[in-house]
Structure formats: C-alpha cells, structure tokens
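Computed from the coordinates by the stated procedures, all read-outs in this text should not be read as laboratory data. A quick note: this is a predicted structure, and the numbers were derived from the prediction, not measured. Note: ideal-geometry Cβ built from the backbone for every residue, glycine included; neighbour counts use all protein chains shown.
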C-alpha cells in the first residue's frame, strides 16, 4: 500500500497536469472555438483533484508535523501553473516515504 506522501505526490502531479490542461487546452477551446464541453469535463476533474490535494495536504501536514509555512507554500503552489511540479522537485521528493 502506498504511503500518504507517495499518494500526495501523485495527486499533486495530477492536479498540476489537470490545471495546465484546463488553462492551455480547455479554456482556449471554449473561448476560441466555442466548445464549452472540455471546460466542464476538465474543470470537474481538476476540482476533484484539487479537493484531494487539499485533504492530503492537511493529512501530510499533521502526520509529518510540517511547519505551517511549508504547508502554506504547498497550498499556494497549487494555484500557480507548474507550481505543483516545482513543489514536487524542491520539497516533496526530499521527504521520506
């Protein structure tokens, strides 16, 4: 069974991918090609992944006794394009599983 940290890293990466797909594929299709369906589908997936990210972040924060600053940075990273990838490279991959 994967550790909470491995699950958190996976969800963080999937959330980052879904955010990029939403921003750079689905939104242009909606506004340039008048195709709203990709935003509905990708937006729902992204919303679920973001929710899972926040829940897992809270679990990791308390399990690993992270400083509040690290958790706030992790949360802020999820609002930036490519943020979760930087978070994974700079913070998460150095955590023990």
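For log10 I(q)/I(0) by the Debye sum over Cα atoms at q = 0.13, 0.25 Å⁻¹, the listed values are [x] -0.62, -1.15; [y] -0.55, -1.30; [z] -0.46, -1.26; which was obtained by calculation from the structure presented?
[z]
Could you work out how far helix 68-77 tilts from the main Cα principal axis of the chain, as a 0 to 90 degree angle to the nearest 10?
Roughly 20 degrees, rounded to the nearest 10.
Go ahead and estimate [θ] at 222 nm for the chain from helices alone: -39,500 (n - 2.57) per DSSP H run with n ≥ 4, summed, over the residue count, rounded to 500.
When only DSSP H runs of four or more count, the value is -23500 deg cm²/dmol.
Where does helix 37-63 land angle-wise versus the long Cα axis of the chain, in degrees 0 to 90, nearest 10?
Computed tilt is about 10 degrees.
Name the shape class, rounded, prolate or oblate, that the alpha-carbon gyration tensor gives for the stretch 45-85, where a ≥ b ≥ c are the square roots of its eigenvalues, rounded holds for a/c under 1.5, and otherwise prolate holds if a/b is larger than b/c and oblate otherwise.
oblate
Taking the Cα centre of each part, how many Å lie between the stretch 58-93 and the stretch 17-32?
24 Å
Evaluate the relative contact order of the stretch 1-80 (contact order divided by residue number), counting alpha-carbon pairs under 8 angstrom at least 6 apart; express in whole percent.
It rounds to 34 percent for the stretch 1-80.
How would you rank 30, 96, going from fewest to most other Cβ atoms within 10 Å of each one's own Cβ?
So the residues, fewest neighbours to most, are 96, 30.
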